[in-house]
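Report on one structure; see the data block that follows.
Taken together, the values in this text are just the output of simple stated rules run on the coordinates, not laboratory data. Keep in mind that this is a model prediction, so the values were computed, not measured. With ideal geometry, Cβ positions are generated from the backbone for all residues, glycine too; neighbour counts draw on all protein chains shown.
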Amino acid sequence: MIDKVYCADVTPEMEGEHVKLAGWVYRKREVGKKVFIVLRDSSGIVQVVFSKDLSEDAYRLARTLGIESSVVIEGTVKADPRAPTGAEVRAEKIEVIQNVEFFPITKDASRDFLLDVRHLHLHSPKVAAVMKVKATLMQAAREWLLQNGWYEVFPPILVTGAVEGGATLFKLKYFDKTAYLSQSAQLYLEAAIFSLEKVWSLTPSFRAEKSRTRRHLTEFWHLELEAAWMDLWDIMKVEEELVSYMVGRALELRRKEIELYRKEDLKTLKKTVPPFPRISYDEAIEILQSKGVRIEWGEDMGADEERVLTEEFESPFFVYGYPKGIKAFYMKEDPSDPRKVLAADMLAPEGYGEVIGGSQREDDYDKLVRRIIEEGMDPKNYEWYLDLRKYGSVPHSGFGLGLERLVAWVLKLDHVRWATLFPRTPSRLYP
Ligand code: 4AD
């Protein structure tokens, strides 16, 4: 391993220190008898100056370098207010690991092309910033979950049945049987609460969704929590505490990266503090109707309706008490109104909409069987799941957070595909 100093760690206070850097050529320009290279690595950038007077060999090599060439450079730190970071490195030695003559991504590259060469697009510090924010959001989630006594579990991805409706299942051949890619770990997490009580998992979830919206991927990272002894109101508290902690830590640790995308526009992130506003589905419909949206009680809210609703809020908020007909079979019927279920979605402001879907689960065996049949599914396929309501059933609740949707909102991205390393959509399976 190369014993190197990271670009972002080169500061004016290090004036006179000898350093070794390793990274990629981000920018290059020649002025007189000098070559200025902006070197980048995972930490950020630093300016490196090659001058004929200091080292003719290094200067000559530097002149030949193309953008994205990989290099190891040795030199001396010099404080310089004109350098982008207030300090630069005067190069004495350079080892060219690979000289790149022509990097395929140029300034005028289209967005489609960037996705075609996503493996090279990942070189960009602006793309790296997204991945850093995503990693920090998950790091924060882990911190919060650990501090609050939640067990991480590792559910299967190859499954035999639907959680979120058969229409979006990816089917595959499993020897002489049929298997599916998991849409959600929920049913398995429900099984795990009988010994661990509060569990969570982070898994890829798959949805064969043909809908080409800015918030749908066919494969996304799903953070799911499930807890025994909690009702809907308890789990909503968990959701707002977790999400506000994640956003708060991202603001604390990744301010620079967030500002790259949001500039000074941090108001909604700063307002992500519990308690989040809560409105009922009934109220949501009234608000939408009063704003001229054509929607009737009982209909589902899509991205367009949610966008209108978000205009009313400056922080994430909840919509609870959805009609049974538009929600999944496992949600508990509202004892005070059997037309509804004890479900709540968390919506992000600024037009983003749903980032979390959650509910209290139906814990009554007979009601659950009835719901499975009503949805046109075969209770035989859910025998093991129904067993959970036979042997020590308890009230319990849980939710799923789409990590890319949270990242997209935090960074105000125009599509969730920019929030994932290699997006999978109906038209994209490569690279
Ligand atoms: O609302 P969903 O479908 O709920 C479930 O899957 C529950 N079984 C989760 C649970 O209770 N354990 O999905 C949960 C979240 C959504 O709010 C959204 O953020 C994200 O997962 N999501 C998607 N993200 C990207 N692309 C898709 N196609 C998504 N579908 C859902």
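Data overview
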{"item": "Distant-in-sequence amide H partners of Ala87 (H built 1.01 Å from N, under 5 Å)", "result": "Asp80"}
{"item": "Bins of 5 Å, starting at 0 and running to the largest distance - Cα pair percent for segment 307-409", "result": "2, 12, 20, 19, 17, 13, 9, 6, 2, 0"}
{"item": "Distance in nm between pseudo-label sites at Ala208 and Asn99 (7 Å out along the Cβ direction from Cα)", "result": "5.2"}
{"item": "Qualifying trypsin sites (Lys or Arg not before Pro) in segment 131-213, DSSP loop, other Cβ atoms within 10 Å at most 16", "result": "Lys210, Arg212"}
{"item": "Dipole moment magnitude, nearest 20 debye, segment 81-173 about Cα centre, only Lys, Arg, Asp, Glu C-beta charged", "result": "100"}
{"item": "Interchain or long-range residues, amide H under 5 Å from Arg27's placed H", "result": "Val38"}
{"item": "Ile326-Leu421 pseudo-label distance in nm [points 7 Å out on the Cα-to-Cβ vector]", "result": "3.6"}
{"item": "For segment 15-136, the spread of Cα positions along each principal axis, largest first, Å", "result": "45, 33, 24"}
{"item": "Residue-span extension gain [Asp234 to Asp112] - 0.36 nm each, minus C-alpha spacing", "result": "39.6 nm"}
{"item": "Debye log10 I(q)/I(0) for the chain, one point scatterer per Cα, at q = 0.06, 0.09, 0.12 Å⁻¹", "result": "-0.34, -0.68, -1.01"}
{"item": "Surface/4 estimate of mean projected area, convex hull on alpha-carbon atoms of segment 77-118, nm²", "result": "5.2"}
{"item": "The chain: calculated mean residue ellipticity at 222 nm from DSSP helix runs of at least 4, using -39500 (n - 2.57)", "result": "-8500 deg cm²/dmol"}
{"item": "Residue-by-residue Karplus 3J(HN,Hα) for segment 157-166, coefficients 6.51, -1.76, 1.60, Hz, glycine and proline x", "result": "9, 8, 9, 10, x, 7, 10, 10, x, x"}
{"item": "Integer Hz, Karplus 6.51/-1.76/1.60 couplings in order for segment 356-371, x for Gly and Pro", "result": "9, x, x, 6, 7, 9, 5, 9, 9, 4, 5, 4, 5, 4, 4, 5"}
{"item": "Trypsin sites (Lys or Arg not before Pro) restricted to DSSP loop in segment 237-280 with at most 10 other C-beta within 10 Å", "result": "Lys263"}
{"item": "GNM top mover of Asp53, Asp282, Asp337 - the chain, alpha-carbon springs below 10 Å", "result": "Asp53"}
{"item": "Gain on full stretching of the segment that runs from Lys270 to Lys34 - 0.36 nm per residue minus C-alpha separation", "result": "80.5 nm"}
{"item": "Cα→Cβ-extended label distance, 7 Å offset, between Glu15 and Lys126, nm", "result": "3.5"}
{"item": "3J(HN,Hα) from dihedral phi, segment 281-297, Karplus parametrisation 6.51/-1.76/1.60, rounded to Hz, x for glycine, proline", "result": "4, 4, 5, 4, 4, 4, 4, 4, 4, 5, 9, x, 7, 8, 8, 10, 4"}
{"item": "Rel. contact order, % - alpha carbon contacts under 8 angstrom, at least six apart, segment 313-431", "result": "20"}
{"item": "Cross-link table Lys28/Lys263; Lys134/Lys177; Lys126/Lys271; Lys291/Lys327; Lys4/Lys132, entries beyond 28 Å C-alpha to C-alpha", "result": "Lys134/Lys177"}
{"item": "Sequence-distant residues sharing a close amide H with Thr218 (under 5 Å, placed H)", "result": "Arg424, Thr425"}
{"item": "Of every Cα-Cα pair in segment 66-224, the percent that sits beyond 30 Å", "result": "46"}
